[in-house]
Amino acid sequence: MPSVAANSPAPLTISVAAGKGGTGKTLVSTSLAIELAYEYPDKVALLDGDVEEPNADLLMPTVFEDSQPVHILVPEVDAEACIHCGKCAEACQASAIAKIRDVVVTFHELCTGCGACAYVCPVDAIAEVPRKVGRIDRGIAAGSVEFTQGRSEIAQQHTGSVTSALKAHIKSGKVSIVDAPPGTSCPMQETIEDSDYCILVTEPTPFGLNDLKAAVETCRTLSVPHGVVINRDGIGDRAVEDYCKTEGISVLLKIPHERRIAEAYSRGETLVLAFPEWRGPLGQVFDAIVEEVAQ
Amino acid sequence: MKMAIASTGESLDSQVDPRFGRCHWLILADTDDMSFEALKNRAAAAGHGAGVEAAQMVANMGCRGVVASTFGPNAAHALAQGGLAMYRFSGGTVREAIEAVKAGTLEQLNGANAAAHSGDRE
Amino acid sequence: MTGYKQMTVVSGKGGTGKTSVLASFAALADGKVIADTDVDAANLHIMLHPTVLTTEEFWGAKIAVRDPEKCKQCGECERACRFDAITVDDINEYACEGCGLCTLVCPEKALVLEPALTGDLYVSETKYGPMAHARLVPGAESSGRLVTMVRQAAETIAIRDGLDTVIIDGPPGIGCTVTAAIADIDLALVVTEPTPSGIHDMARVLKTADYFGVSCAVIVNKADINEALSDETERVAAEHGARAIGRLPYDSVVTEAVSAMTPVVEFAPDSGVSKAITRCWSDLEQMLKSL
């Protein structure tokens with residue numbers, strides 16, 4: 001068994017992503033975390049990085065213990081001190097502070113919290129005050145997985161601070177499984193960029209293949225080793241498998257399309273909880289990843 | 001008086017664009033002599049900040065009022081704070097809108113009418 | 001009025017069948033232009049087979065760029081940046097928010113903000129009508145800007161051709177790309193599935209739409225995999241002021257249609273799911289006319 005100590009798994013950070021949403025990324029991340037926690041109790045953490053739509057906790061029995069708000073600093077203008085020079089509005093790239101004739105107006109939900117306006121104000125008329133943009137919830141899932149979830153506030157435009165706050169909870173010394181948001185742009189990249197390995201979950205259809213290619217390109221750009229899990233195998237064609245073969249990307253696991261899996265999902269039960277026979281194959285996925293990373 | 005009219009095109013005979021922040025063109029017209037200039041609304045590309053940017057643009061160009069059918073909450077707040085008047089007009093050309101402003105027949109708005117969420121923008 | 005109505009189809013969570021349903025609407029609807037704003041994982045073109053007429057490079061989000069000749073390695077930029085995006089040696093273009101604070105603090109004026117190539121904007125023709133879509137450069141920032149450009153291109157076509165409807169394929173989630181896709185529209189249609197995450201994610205997107213004052217409707221896809229949760233989905237939708245338009249049955253013919261890269265209403269017009277989609281479109285058309 002390629003692990004670090006007798007009852008410790010290699011403390012890798014494994015992200016789980018998918019170009020296309022809805023391919024089964026969260027099914028895989030929760031199942032992998034739960035299986036590893038059976039083998040190595042208290043050595044496994046799962047982080048839900050889809051801060052706009054976190055729903056990993058809906059696939060496993062989760063008990064939340066703690067919640068911390070995430071804040072950014074937003075501008076408050078002292079109207080009496082303000083000399084209406086407009087430098088703040090000029091500096092702001094997000095249109096969160098504007099000068100309309102002689103009045104300076106702020107728009108906090110557009111603010112990224114960068115501090116440029118306060119920096120340029122020549123008369124120190126701008127105070128920076130905290131604004132809650134999301135929260136980090138922590139607890140235990142399926143009895144033994146350390147679970148952390150990021151959740152952005154409704155209508156908050158810039159969610160990067162919530163993702164950063166979540167990633168600060170990745171601990172060395174444990175296996176961390178990080179569930180990424182769908183897509184291949186910034187939110188997904190921020191989640192996978194420091195991971196040791198990225199599992200890309202896809203479906204064997206033209207949609208799945210199209211988005212897998214973009215996700216693979218992103219992994220390559222970020223130099224993150226990666227492999228593929230094919231979910232709902234059997235509903236489409238062989239094009240995804242052929243692509244993986246041509247590109248030298250390992251297919252770590254194939255989960256067949258089965259109505260009973262979809263029904264369990266719709267009851268809020270992830271794969272290994274509903275069908276324990278999948279524990280072994282997921283454990284083997286981890287072993288394969290450890291081996292690939294070691295090379 | 002200088003007014004900004006949200007427009008779908010660059011002439012006085014273009015249809016008024018119903019939305020202010022993301023309208024395609026802004027016609028800045030002098031209601032006294034009907035002289036005007038047409039500005040491509042570069043604020044439209046600003047995503048969320050479109051309403052704020054468009055409000056700043058028209059205020060900085062000396063407009064005293066704006067005509068469109070709807071004003072998003074950010075644009076409405078910005079314009080109201082800056083003391084610019086907002087007028088509602090729909091279903092006609094820029095020229096017709098200007099005539100209606102001059103005739104005083106347009107409804108003047110007090111705040112955001114485009115969104116349920118209103119109130120403090122800060 | 002400009003005369004056209006705009007409907008964006010969103011899902012909250014991915015994989016609920018939004019793009020398949022929308023492809024069928026494209027086949028059913030007359031007098032419309034399609035906009036694919038799901039730029040991060042654009043799939044609609046796979047179903048609609050556009051012929052590209054014009055391509056425009058889109059230089060969107062700005063990021064910080066350093067002039068190494070001017071840089072004295074003082075580290076002010078590193079100290080000031082709140083996004084851990086810059087060090088004396090390197091700029092992390094994924095973390096960079098393009099705020100410009102580093103350009104302001106640099107005593108040597110060695111940093112500037114420059115627009116980065118974000119993607120390509122396409123205006124195309126399909127057998128179902130005109131289409132505006134885009135391809136995001138993998139790694140680029142997916143802010144609302146490219147979404148807004150795609151929509152503007154579609155609206156320009158609607159004005160030019162006197163079309164009735166702009167149908168927009170929206171992104172997943174509830175962040176800035178979604179809000180750019182639903183700004184100023186007449187109707188947001190949520191296509192969801194009867195699962196706990198489908199309901200949870202639908203509720204968040206309905207709250208987001210409500211915050212921006214957008215009317216909403218909901219279609220429950222694959223409804224028969226869990227009838228009780230389909231009821232729950234519609235109940236939660238109603239709680240958020242959204243109208244339930246209809247339910248679509250789970251049918252493997254939908255996936256066959258995707259593999260055949262054809263909208264299901266064309267691929268299997270007599271199937272139960274095609275008939276249900278057709279009924280839904282008819283109701284939506286009426287609803288749009290009245291909004």
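The values are calculated or read from the model by the stated rules, or taken from the named source; none is laboratory data. What you see is a predicted model, and the numbers here were worked out from it, not measured in a lab. When we count neighbours, we look across all protein chains shown, and the Cβ atoms used for this are built from the backbone with ideal geometry, even at glycine. We work out accessible area using only protein heavy atoms, side chains counted, and drop any ligands, DNA or RNA first. Shrake-Rupley method; radii C 1.70, N 1.55, O 1.52, S 1.80 Å.
Quick notes on this one:
- Counting, for every residue in A:24-32, the Cβ atoms of other protein chains within 10 Å of its Cβ and taking the mean gives 1.
- The stretch B:1-87 shape via C-alpha gyration tensor axes, a/c threshold 1.5: oblate
- Pairs of Lys residues in chain A that lie 8 or more places apart, or on two chains, and have C-alpha atoms under 23 angstrom apart add up to 19.
- The mean number of partner chain beta-carbon atoms within 10 angstrom of a residue's beta-carbon across peptide C:178-188 is 3.
- Of the solvent-accessible surface of the protein assembly as shown, computed with a 1.4 Å probe and all protein chains present, 49% belongs to carbon and sulfur.
- Rolling a 1.4 Å probe over the protein chains gives C:Glu57 an accessible area of about 110 Å².
- Looking at the protein assembly as shown, the accessible area is 37 square angstrom per residue; that uses a 1.4 Å probe and ignores ligands, DNA and RNA.
- For A:Glu247, the shell of other residues with beta-carbons less than 12 Å away shows a net charge of 0, using +1 for Lys and Arg and -1 for Asp and Glu.
- R0 of 35 Å, Cβ-Cβ distance A:Glu292-C:Lys289: FRET efficiency to nearest 0.05: 0.05
- Residue-wise HN-Hα couplings along the stretch A:122-136, as the Karplus relation 6.51 cos²θ - 1.76 cosθ + 1.60 with θ = phi - 60° gives them from phi, are x, 10, 6, 8, 10, 9, 10, 10, x, 9, 6, 10, x, 8, 10 Hz; Gly and Pro carry x.
- Surface listing: A:Ser250, A:Ser164, C:Ser143 arranged by accessible area from highest to lowest gives A:Ser164, A:Ser250, C:Ser143, probe 1.4 Å.
- Note on A:His84 and C:Thr54: with the Förster distance fixed at 41 Å, the Cβ-Cβ geometry gives a FRET efficiency of about 0.40.
- Helix A:206-221 axis, angle to chain A major axis (alpha carbon atoms, nearest 10°): 70 degrees
- Inter-label distance, C:Arg279 to A:Arg101: 5.6 nm, where each label sits 7 Å from its Cα along the C-beta direction.
- For C:Lys289, a cut-off of 19 angstrom between C-alpha atoms picks up these aspartates and glutamates, skipping any fewer than 8 places away in its own chain: B:Asp17, C:Asp30, C:Glu155, C:Asp161, C:Asp164, C:Asp184, C:Asp186.
- Summary value for chain A: 27 percent relative contact order, contacts being C-alpha pairs under 8 angstrom separated by 6+ residues.
- The protein assembly as shown: C-alpha gyration tensor shape, a/c 1.5 cut-off, then a/b vs b/c: oblate
- The relative contact order of chain C, computed from alpha carbon pairs under 8 Å that lie at least 6 residues apart in sequence, is 26 percent.
- Summed buried accessible area for C+A [probe radius 1.4 Å, Å², rounded to 100]: 4700 Å²
- In the assembled protein chains, B:Thr105 presents an accessible area of approximately 100 Å² (probe radius 1.4 Å).
- Residues of type lysines that B:Lys102 reaches as a straight line, Cα spacing below 23 Å, ignoring anything fewer than 8 places off in the same chain: B:Lys2
- Mean per-residue shielding of peptide A:264-272 is 3, counting Cβ atoms of other chains within 10 Å of each Cβ.
- Length gained on full extension, A:Asp237 to A:Ser144: 29.7 nm, using 0.36 nm per residue less the C-alpha separation.
- Straight-line cross-link partners of C:Lys70 among the lysines, defined as a Cα under 19 Å from its Cα and at least 8 positions apart when in the same chain: C:Lys109.
- Using a cutoff of 8 angstrom between alpha carbon atoms and counting only pairs six or more residues apart, the relative contact order for the stretch A:39-186 works out to 39 percent.
- Anisotropy class of the stretch A:123-274 from Cα gyration tensor, a/c 1.5 cut: prolate
- Peptide packing for C:269-280, A:29-40, A:84-95 was compared via the average number of neighbouring C-beta atoms within 10 Å per residue; ordered from the highest value, the list is A:29-40, A:84-95, C:269-280.
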